[in-house]
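**Student:** Here it is, the structure in full.
What follows is calculated from the coordinates using simple rules that are stated; it is not laboratory data. For clarity, every value in this text was computed on a predicted model and none was experimentally measured. No Cβ is skipped: glycine too gets one built from the backbone with ideal geometry, and neighbour counts run over all protein chains shown.
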Amino acid sequence: MHVAVENLTLPKFSIGVGDRFAHQAKAQLAACMKAADAGVEVVPVWNKSNREHTIIGSEPVETRAAADAAVKEMGWTKPYFVDADHINLKTVQRFLDSSNFFTLDVADLIGQPAKPEDVAAFLGAHPELVGTVTIPGIAEPFKTDKAFVEGVANKFLAAVQNAGEIYGLLLENKGAGRFVPEISMDETDFPQTPVELLIILAMIADEKIPIQTIAPKFTGRFNKGVDYVGDVKQFAKEFEEDLATIAFAIKRYGLPENLKLSVHSGSDKFSIYKAIHDGAKKFNAGVHLKTAGTNWLEELIGLAESDGTGLAIAKEIYSEALAHKDELTAPYATVIDIDDSKLPSAAEVNGWTGKQYAAALRHDQSNPAYNPSFRQLLHVGFKIAAKLGPRYLQALEANEDVVAKNVTANLWERHIKPVFLGL
Ligand SMILES: [Zn+2]
């Protein structure tokens, strides 16, 4: 029985903060509080995927407990969310109770053709998508024909129908308005163009999924934990066209007013933050920036800086990660670019001071000691820390202050400020 009608709404600006070991919720929230103090509401979304829970051996309820505890302790009164990140029909079950944000991942179904009669029905229902498609805010109208729209439907309709199934399951289990749905299509081979995005949004509206955010695959490379690789001008153009397309689709297809773009693997993409900020400002649009679990690297930086046993653990993790490089990098092969020749030997790292370790790892491109290969290997090395179990967690707890300082500063200085405040 519903005693109160909830209608969970994702605010305009939100940041996805992965917290691999569920120890940084307070430090992450502190960054959002700095934004609030500066007059901009940026709400936290604690995300952790099924894959990460499986690698670490954790449960979604732990993410929820850490978020709730931080919110209570810090007196955060604005909204916050716990994201069942990249779930599908097979993996959603364990997230049902603890999450109020669901990232419906349909990338696996992209390219699987839908039933011919469903494609035909979609085409019949959407004559407006064939011919000249004019979207306010986009200078050149798009020219499409029936074959093109049919091709897009064949590529994406089955995926959107699958999202509809997951959404239906969530409706049954959680109730309407009691969770925020996002659809993600980023973990696929080719970026979606703005006109494809429009066609996909029409499908989503037909499936009656009231998505509040959508994560397309953008042009360029979004490697985990390092800067964007690609044509920044082209990205900026596409990003603005996507914003215009979303604004148009909200009106045309009756999608939720607050529907916004979600930038996955969005942490550390410093070279496109200005484009994201300027685009959002120009269209008065919201943004969800999802970090790539890099808070765990800030933990390592903090441990290294604390010297003593913290530094010893950070060194041990590197040497183990190096020894198990192939196995650690395999699941992330498409989203990391490690130059083996740039990886220092374990012996060399074992001789480093805490400052040297932190300088190699911290994402400061102006520092000649910064080493992106070292950083990317450690990024996928969280499995090693998970294996250390209580030893790793105790080190975090013993060095909480210096770890928290790094976690907060990274989110606030390097992410929230440039993306949401334009600083
Ligand atoms: Zn993603």
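**Student:** Which of A321, T245, S341 sits farthest toward the positive end of the charge dipole of the chain, with +1 on the Cβ of Lys and Arg and -1 on the Cβ of Asp and Glu?
**Tutor:** Towards the positive end, the residue furthest out is T245.
**Student:** Another one. Using a 10 Å cut-off on Cβ atoms, rank the peptides 165-171, 78-84, 355-361, 335-341 from the highest mean neighbour count down.
**Tutor:** Working: 165-171: 17.7, 78-84: 22.4, 355-361: 20.3, 335-341: 14.3.
In descending order of packing, they fall as 78-84, 355-361, 165-171, 335-341.
**Student:** Take every DSSP beta bridge whose two residues both sit in the chain, then give the antiparallel share in percent to the nearest 5. Each step should come with its number before you reach the end.
**Tutor:** Working: 4 of 32 bridges.
Expressed as a percentage, antiparallel bridges in the chain total about 10.
**Student:** If you stretched the chain out fully between Q365 and N7, how much longer would it get, using 0.36 nm times the residue separation minus the C-alpha to C-alpha distance?
**Tutor:** Residue separation times 0.36 nm, minus the Cα-Cα distance, leaves 124.6 nm.
**Student:** Here's a follow-up. Along segment 329-337, what does the Karplus equation 6.51 cos²θ - 1.76 cosθ + 1.60 (θ = phi - 60°) give for ³J(HN,Hα), rounded to whole Hz, x for Gly and Pro?
**Tutor:** With coefficients 6.51, -1.76 and 1.60, one gets 7, 3, x, 10, 3, 7, 10, 9, 9 Hz.
**Student:** Need the full-extension length gain, D37 to Q394, defined as separation in residues times 0.36 nm minus the C-alpha distance. One decimal, nm. Provide the component values of the computation, followed by the final result.
**Tutor:** Numbers: separation 357, 0.36 × 357 = 128.52 nm, distance 3.19 nm.
Here the answer is 125.3 nm.
**Student:** Counting Lys and Arg as +1 and Asp and Glu as -1, each charge on the Cβ, what is the dipole of the chain about the Cα centre in debye, to the nearest 20?
**Tutor:** On the way: 43 positive and 55 negative charges, 119 e Å.
About 580 debye.
**Student:** Give the angle, between 0 and 90 degrees and rounded to the nearest 10, that separates the Cα long axis of helix 308-323 from the longest principal axis of the Cα atoms of the chain.
**Tutor:** That works out to roughly 60 degrees.
**Student:** Less than 17 Å from a label point 7 Å out along the Cα-to-Cβ axis of K405: which backbone N atoms in segment 289-315 qualify, by residue?
**Tutor:** 298-311
**Student:** Past 28 Å, Cα to Cα, is the threshold; run K34/K274; K26/K260; K143/K260; K72/K174; K233/K325 against it and keep the listed order.
**Tutor:** Checking Cα-Cα distances, K233/K325 exceed 28 Å.
**Student:** To the nearest 20 Debye, how big is the dipole of segment 142-287 about its Cα centre, given +1 on the beta carbon of each Lys and Arg and -1 on that of each Asp and Glu?
**Tutor:** The calculation lands at about 360 debye.
**Student:** Given an 8 Å cut-off on Cα distances and at least 6 residues of separation, report the relative contact order of segment 296-406 as a percent.
**Tutor:** Details: 134 pairs, mean separation 49.1, N = 111.
Worked out over segment 296-406, it gives 44 percent.
**Student:** Note the full-extension length gain between A65 and R252 as 0.36 nm times their separation in residues minus their Cα-Cα distance, in nm to one decimal.
**Tutor:** Gain on extension, A65 to R252, equals 63.3 nm.
**Student:** Additional query: If neighbour count is taken as other Cβ atoms inside 10 Å, put I183, I55 in order from fewest to most.
**Tutor:** I55, I183
**Student:** Ordered by residue, what ³J(HN,Hα) values in Hz, to whole numbers, does segment 361-374 give under the Karplus form 6.51 cos²θ - 1.76 cosθ + 1.60, where θ = phi - 60° and Gly and Pro are x?
**Tutor:** 8, 5, 7, 10, 5, 7, 8, x, 7, 4, 10, x, 5, 4
**Student:** Between P216, P344, P194, find the one with the highest GNM mean-square fluctuation for the chain; connect C-alpha pairs within less than 10 Å.
**Tutor:** Sorting by GNM fluctuation, first place goes to P344.
**Student:** Among R178, R375, R20, which one shows the highest mean-square fluctuation when the chain is modelled as a Gaussian network with alpha-carbon springs under 10 Å?
**Tutor:** R178
**Student:** Can you show me the helix-derived [θ] at 222 nm for the chain, built from DSSP H runs with n ≥ 4 at -39,500 (n - 2.57) apiece and divided by the number of residues, rounded to the nearest 500. Write out the running numbers ahead of the final one.
**Tutor:** Details: 17 runs with 198 residues, N = 423.
My calculation for the chain gives -14500 deg cm²/dmol from helical runs alone.
**Student:** Given the Cα atoms of segment 13-293, and with Rh set as the inverse mean 1/r over their pairs in the Kirkwood sense, what is Rg to Rh to two decimals?
**Tutor:** When Rh is taken as the Kirkwood radius, the ratio is 0.96.
**Student:** Which shape class applies to segment 360-423: rounded if a/c is under 1.5, otherwise prolate when a/b exceeds b/c and oblate if not, where a ≥ b ≥ c are the square roots of the Cα gyration tensor eigenvalues?
**Tutor:** oblate
**Student:** Residue by residue through segment 81-92, which ³J(HN,Hα) values in whole Hz follow from phi under the Karplus form 6.51 cos²θ - 1.76 cosθ + 1.60 (θ = phi - 60°), with glycine and proline marked x?
**Tutor:** The phi angles translate into 9, 10, 9, 7, 8, 6, 9, 9, 4, 6, 10, 5 Hz.
**Student:** Would you please give the FRET efficiency between E128 and E73, computed as 1/(1 + (r/R0)^6) with r the Cβ-Cβ distance and R0 = 41 Å, to the nearest 0.05?
**Tutor:** After rounding, the FRET efficiency stands at 0.20.
**Student:** Taking Cα pairs under 8 Å and at least six residues apart, what relative contact order does the chain come out at, in percent?
**Tutor:** Rounded, it is 18 percent for the chain.
**Student:** May I pose another question? Mind telling me which of R252, R94, R362 comes out most flexible in a GNM of the chain, alpha-carbon contacts under 10 Å?
**Tutor:** R252
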